[in-house]
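The values are calculated or read from the model by the stated rules, or taken from the named source; none is laboratory data. Values in this document were obtained by computation on a predicted structure and should not be read as measured data. Cβ coordinates were reconstructed from backbone atoms using ideal geometry, including for glycine residues, and neighbour counts include every protein chain displayed.
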């Protein structure tokens, strides 16, 4: 599988020591639809442009915004655009996905979109999150392959690190940091859930039972292998959430290697 490491500019050096396949989280959309950029090294070329949206913006700004994004891709030799959008896309988001779908296809660039924008960008690759708290990852991927085709799917390999207070009817837990996960798992018996392709353990606190679900390098590799078996060929990790296991996920470049 072709794996990308998603990073902000402040972690660029650490990530480049692991891989040249980077997705740069340095671009976002202003509330007026303007393209806002964080500084990147002037000589940097290649990788993917990650375009984040936090606030709604007017749909009429999508045409100019998409053209500016493509000009930047051509100038920096970015091979594609990743749209990082809110769970419920606004009209501006859908309009932007439509515009970028056409321009990326015309310019030989790839476009990655969340499932909520899959219909608006029929030539784009659909990003599926593998961090599940219920159900079956195999079923999720199989359903997506039937709906979009495996060649149109890319994995969002979000590292699952979450604590749930039982019972948890909503299936929504509290995210943990790497350090918090380490502290909680000390001395615990660890189990593996085949359906979720993740590890788990339980603990007691103040008379309450807590369920901790998490990924390590092995479970993430299992998710990749499962997807590869279905014909899915791309995936994304996020730095720094995999910083402690990156050496197991990426083959480090040798000293002096470009």
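Filtered by the rule that a residue be touching a strand residue (DSSP E or B) at 6+ places or on another chain (Cβ under 6 Å) and surrounded by 16 or more Cβ atoms within 10 Å (Cβ to Cβ), region 186-200 gives 198, 199, 200.
Is one or more of the residues making up region 62-79 surrounded by fewer than 21 Cβ atoms within 10 Å (Cβ to Cβ), in contact with a strand residue (DSSP E or B) (Cβ under 6 Å, 6 or more places away or on another chain) and over 28 Å from residue 144 (Cβ atoms)? Yes, there is a match, as at least one residue in region 62-79 is surrounded by fewer than 21 Cβ atoms within 10 Å (Cβ to Cβ), in contact with a strand residue (DSSP E or B) (Cβ under 6 Å, 6 or more places away or on another chain) and over 28 Å from residue 144 (Cβ atoms).
Just one residue in the set 91, 87 is surrounded by fewer than 22 Cβ atoms within 10 Å (Cβ to Cβ), closer than 24 Å to residue 240 by Cβ, touching a helix residue (DSSP H, G or I) at 6+ places or on another chain (Cβ under 8 Å) and assigned by TED's automatic domain parsing to the domain that holds residue 114; that residue is 87. Being part of a helix (DSSP H, G or I), under 23 Å from residue 237 (Cα atoms) and at pLDDT 95 or above is a property that holds for residue 69. The combined condition, being in the same structural domain as residue 243 (by TED's automatic domain parsing), part of a helix (DSSP H, G or I), surrounded by 19 or more Cβ atoms within 10 Å (Cβ to Cβ) and touching a residue at least 24 places away in the same chain (Cβ under 8 Å), is not fulfilled by residue 127. The residue that is surrounded by the most Cβ atoms within 10 Å (Cβ to Cβ), counting only those in region 130-145 that are over 11 Å from residue 230 (Cα atoms) and in contact with a strand residue (DSSP E or B) (Cβ under 9 Å, 6 or more places away or on another chain), is 130. For the residues 213, 220, 226, the requirement of being buried (at least 19 other Cβ atoms within 10 Å of the Cβ) and either under 22 Å from residue 126 (Cβ atoms) or in contact with a helix residue (DSSP H, G or I) (Cβ under 6 Å, 6 or more places away or on another chain) (or both) singles out 220.
Every test in (1) in the same structural domain as residue 118 (by TED's automatic domain parsing); (2) in contact with a helix residue (DSSP H, G or I) (Cβ under 6 Å, 6 or more places away or on another chain) is passed by residue 198 save one, and that test is (1).
Using the structure shown, decide if residue 28 is assigned by TED's automatic domain parsing to the domain that holds residue 227, crowded, with 16+ Cβ neighbours inside 10 Å and assigned to a strand (DSSP E or B). Taking the combined requirement at face value, the residue satisfies it.
The rows are residues; the columns are (1) modelled with pLDDT under 95; (2) in the same structural domain as residue 155 (by TED's automatic domain parsing); (3) more than 30 Å from residue 246 (Cα to Cα); (4) not in a strand (DSSP E or B).
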site: 6; (1), (2), (3), (4): no, yes, no, no
site: 12; (1), (2), (3), (4): no, yes, no, yes
site: 23; (1), (2), (3), (4): no, yes, no, no
site: 36; (1), (2), (3), (4): no, yes, no, no
site: 42; (1), (2), (3), (4): yes, yes, no, yes
site: 45; (1), (2), (3), (4): no, yes, no, yes
site: 55; (1), (2), (3), (4): yes, yes, yes, yes
site: 63; (1), (2), (3), (4): no, yes, yes, yes
